[in-house]
Amino acid sequence: MIRIVDVHHTYLAGTPMATEALRGISLEIPDGQRLGLIGPTGSGKSTLVQTFNALIRPTRGRVEVDGVDIFAPEVQQRRIRQRVALLFQYPEYQLFEETVLEDVAFGPRNLGLPPDEARARAAEALRLVGLDPAVFGPRSPFALSGGEMRRVALAGVLAMEPQTLILDEPTAGLDPQGKAELLDLVEALHRRRGLTLVLITHNMDEVARLTERVVVLAAGQVVMDGPTREVFARADELVALDLDIPQPAQVLRGLRRRGLAVRVDALTVAEARDEILRVLGTPPAPGEEAR
Amino acid sequence: MVGPNGSGKSTLARCLNALLRPTAGRVVVDGLDTRDPETVWAVRQRVGLVFQNPDNQLVATVVEEDVAFGPENLGLPPAEIRRRVDEALRVVEMLPYRRHAPHLLSGGQKQRVAIAGILAMRPQCIVLDEATAMLDPRGRAEVLATVRRLREAAGIAVVHITHHMEEAVRADRVVVLDGGRIARAGPPREVFADPEALRRLRLVPPPVLELGWALRAAGVALDGPPLTVEELVAALAAAAERAGRAPA
């Protein structure tokens with residue numbers, strides 16, 4: 001469980017360029033939760049998640065992982081980063097080793113695991129992201145496609161066997177199929193391993209599909225926090241923050257504006273279809289109802 | 001222009017302004033054959049390329065100097081350069097930033113400055129190679145609005161390479177590349193009419209298209225087919241009226 005209490009962060013504090021990125025954020029993320037973190041550019045999303053694993057030390061406030069204050073002097077922050085792993089934006093730019101296997105084994109080696117064990121973990125992590133270690137392990141990371149490189153980077157954090165996985169814009173720049181594959185993969189990791197997920201993205205259809213709770217940041221503060229469906233039902237407030245809502249919900253809102261008595265809180269295509277069919281008086285075919 | 005990674009989109013884009021020359025076949029720009037080395041600069045003046053990463057295509061330390069880079073290379077007189085730079089920055093709505101440092105701009109602003117640098121060359125065609133892929137929704141909207149203005153006001157042809165199908169549906173014409181070949185081409189309404197064909201081409205439709213298809217499959221007659229949220233809303237409102245479900 002991650003718990004943060006009244007966290008503030010100011011970049012370049014004490015200089016004329018000082019910028020207050022986080023202004024008093026408190027949040028609890030229980031184990032196994034799938035949390036979407038959304039907000040306009042500059043709202044503090046990336047800064048906030050970097051306090052979760054001690055990459056940024058907040059200028060004020062407290063961050064706890066499993067009840068431990070991660071900035072206490074006796075805490076090894078390397079251990080915290082093993083438990084709370086962060087996949088940065090465009091992580092493929094950070095690949096650097098000669099082979100895929102060595103790149104993925106870098107983290108476990110840094111944890112102090114013997115080389116053989118580090119490689120075994122790397123091979124396992126590659127399998128998890130759907131890359132056969134026998135085929136991809138010996139290759140140069142720079143000879144892979146964009147989607148493959150992104151998965152190698154993800155394998156690199158999974159090889160640390162974290163409890164929490166933070167993904168900062170994980171699908172940015174991928175082609176549509178690469179996006180769909182990565183999201184399927186993340187969903188499967190959560191299902192099979194019970195990983196806590198924190199997803200930062202501007203793509204609200206991805207948030208609708210992958211998360212159960214949404215936290216909205218604006219100007220360094222939490223302005224909304226609730227179940228995904230409830231947050232997206234507050235569409236006017238989201239739009240005022242320059243944020244989108246999922247497309248199926250946009251269609252329903254458009255119909256409502258034209259005077260049709262539709263519910264507007266559908267998140268997926270199937271839910272929106274059934275709601276529209278209901279209002280049009282065309283019942284869904286048997287077995288076709290949204291789950 | 002759409003298609004999965006590796007389908008040849010960027011290679012084709014680079015052939016359009018002689019950054020690459022085809023190993024076979026011809027690329028002719030305004031009567032100029034790119035195989036002729038003498039034509040290179042004339043071709044690049046006519047066809048400008050904007051790349052994906054906003055951080056590595058601006059070269060100068062001040063916005064207006066960056067935009068002036070091309071016209072200066074054309075050897076134009078200073079007064080003409082000044083006029084072109086101001087005009088280009090006005091079109092992309094970046095004139096107030098003309099003395100700013102590019103590295104302090106947002107991604108969308110950087111891409112608009114890159115577009116201004118091409119406009120200052122008075123091109124016939126501008127090619128955006130996934131120029132919106134790294135931008136946030138606001139930056140994307142800024143760049144897309146700029147591109148629309150170029151087409152409508154200045155009559156410049158736009159080749160927009162994108163993975164965002166919701167951008168592609170707004171084009172006059174869509175070309176789908178697959179494995180280095182044109183797999184489909186036509187108006188968006190035709191190209192995006194067939195879900196199965198899109199899936200075979202590994203294109204993932206935006207949710208609004210899927211919703212339209214799902215409703216048609218369930219027997220709702222929709223005019224169109226609708227390609228955008230607004231079109232689907234309008235088509236459904238019409239269907240509701242036909243079904244006698246419209247509000248009084």
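The values are calculated or read from the model by the stated rules, or taken from the named source; none is laboratory data. As the structure is a computational prediction, the values presented were derived from the model and not from experiment. Every residue, glycine as well, gets a Cβ built from its backbone with ideal geometry; the counts of neighbours run over all protein chains shown.
Worth pointing out:
- Among the residues listed as A:Pro16, A:Pro58, the single one being modelled with pLDDT under 95 and either surrounded by 15 or more Cβ atoms within 10 Å (Cβ to Cβ) or part of a loop (DSSP other than H, G, I, E, B) (or both): A:Pro16
- Qualifying residue in region A:219-239 (condition: closer than 29 Å to B:Ala133 by Cα, more than 14 Å from chain B (Cβ to nearest Cβ), surrounded by fewer than 15 Cβ atoms within 10 Å (Cβ to Cβ) and of a type in the set (S, T, N, Q)): yes
- Filtering B:Leu150, B:Leu198 for residues that are without any contact (Cβ under 8 Å) to a residue 12 or more places away in the chain, in the same structural domain as B:Leu49 (by TED's automatic domain parsing) and part of a helix (DSSP H, G or I) leaves a single hit, B:Leu198.
- Single residue of B:Ala185, B:Ala197, B:Ala217 found to be facing chain A (nearest Cβ under 10 Å), of a type in the set (Gly, Ala, Ser) and surrounded by fewer than 17 Cβ atoms within 10 Å (Cβ to Cβ): B:Ala217
- Test result for B:Leu12, under 26 Å from B:Gly155 (Cβ atoms) and in a loop (DSSP other than H, G, I, E, B): no
- Condition met for B:Val208 (crowded, with 19+ Cβ neighbours inside 10 Å, touching a helix residue (DSSP H, G or I) at 6+ places or on another chain (Cβ under 7 Å) and either more than 7 Å from chain A (Cβ to nearest Cβ) or more than 28 Å from A:Asp175 (Cβ to Cβ) (or both)): no
- Hits in region B:143-164 (condition: surrounded by 22 or more Cβ atoms within 10 Å (Cβ to Cβ) and within 12 Å of chain A (Cβ to nearest Cβ)): B:Ile161, B:His163
- Subset tally (residues that are modelled with pLDDT of 90 or more, aliphatic (A, V, I, L, M) and over 17 Å from A:Ile200 (Cβ atoms)) for region A:129-184: 10
- Which numbered condition A:Gly147 fails, given (1) more than 14 Å from chain B (Cβ to nearest Cβ); (2) touching a residue at least 24 places away in the same chain (Cβ under 8 Å): (1)
- Residue list for region A:152-185, restricted to those being away from chain B (no Cβ under 13 Å) and not in a loop (DSSP other than H, G, I, E, B): A:Val152, A:Ala153, A:Leu154, A:Ala155, A:Gly156, A:Val157, A:Leu158, A:Thr164, A:Leu165, A:Ile166, A:Leu167, A:Leu185
- Identification of helices (runs of 4 or more DSSP H) wholly contained in region A:226-278 with 3 or more residues that are outside the structural domain of A:Asn203 (by TED's automatic domain parsing) and more than 20 Å from the chain's Cα centre (by Cα) yields A:235-240, A:247-257.
- The set of residues from region A:25-55 being over 18 Å from A:Val214 (Cα atoms) and either within 14 Å of chain B (Cβ to nearest Cβ) or part of a strand (DSSP E or B) (or both) is empty.
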